[in-house]
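Each value in this text was obtained by applying a stated rule to the coordinates, not by laboratory testing. Here the structure is a predicted model, which is why all the values come from computation and not from measurement. Backbone-built Cβ (ideal geometry, glycine too); neighbour counts: all protein chains shown.
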Amino acid sequence: MNRRAFCSAFLGVAAPSGELTVIFFLSTVCPISNAYTDRIQSLFSRYAGKPVHFVLLNPNANETEEETRAYSRYVEFPVPLRKDVGNAVADRYNARLTPEAVLLDQAGKVRYQGAIDDARNPARVKVEALRQAIDAVLANQPVPNEGLRAFGCSIKRVRTKS
């Protein structure tokens with residue numbers, strides 16, 4: 001399945017052709033995920049007008065769609081935070097934590113997956129791994145820090161019947 005078809009089928013949004021897609025897995029209640037709100041807003045600003053498409057997903061089964069919508073309005077992200085119903089997208093990318101980011105290139109290939117940066121405290125950030133990955137892919141360069149390990153709260157998955 002190509003990136004456009006994937007975005008349409010799983011996310012209910014059309015990914016613009018020729019753009020990178022950044023998927024953020026976020027939580028409404030995880031304090032580590034919530035500590036990244038300003039840094040995510042900064043990424044939106046940094047890449048405004050550039051060929052980068054952002055998708056925000058809440059994969060946690062223990063957080064409702066209503067809570068997700070309310071949180072999205074509260075933090076005022078420029079794109080809505082959507083529920084990843086049945087954690088289908090998190091499962092597809094084997095995402096385990098919130099916050100966690102996945103960067104897809106124009107062909108839908110995963111070019112980076114992991115932490116947004118290397119420190120919960122913004123004053124201690126030394127490696128802005130996601131920003132570096134986006135910049136590298138936009139410049140047709142290799143991605144540095146591939147897969148900087150994400151840290152945060154575990155995704156609460158839908159229980160499957162055995």
Rg/Rh for the chain: what does it come to with C-alpha atoms and Rh from Kirkwood? 0.93
Remind me, what semi-axes does the stretch 36-98 give for its equivalent ellipsoid, largest first in whole Å, using sqrt of 5 times each Cα gyration tensor eigenvalue? 21, 15, 10
Using each residue's phi in the stretch 93-102, evaluate 6.51 cos²θ - 1.76 cosθ + 1.60 at θ = phi - 60° and report the 3J(HN,Hα) Karplus result to the nearest Hz, with x for Gly and Pro. 9, 6, 5, 10, 9, 10, x, 8, 10, 10
Prolate/oblate/rounded call for the stretch 82-162, Cα gyration tensor, a/c under 1.5 rounded: oblate
Please list 118-128, 53-63 highest first by mean number of surrounding beta-carbon atoms within 10 Å per residue. 53-63, 118-128
Which of Ala136, Ala90, Ala101 ends up with the largest GNM mean-square fluctuation for the chain, with Cα atoms connected below 10 Å? Ala136
Quick one: if you stick a label point 7 Å off each Cα along the C-beta vector at Leu138 and Phe151, how many nm between them? 2.7 nm
Ranking of Tyr74, Tyr36 by count of other Cβ atoms within 10 Å, fewest first: Tyr74, Tyr36
Excluding residues on the same chain fewer than 8 positions from Lys126, give the aspartates and glutamates whose Cα lies under 19 Å from its Cα. Asp38, Glu100, Asp117, Asp118, Asp135, Glu146
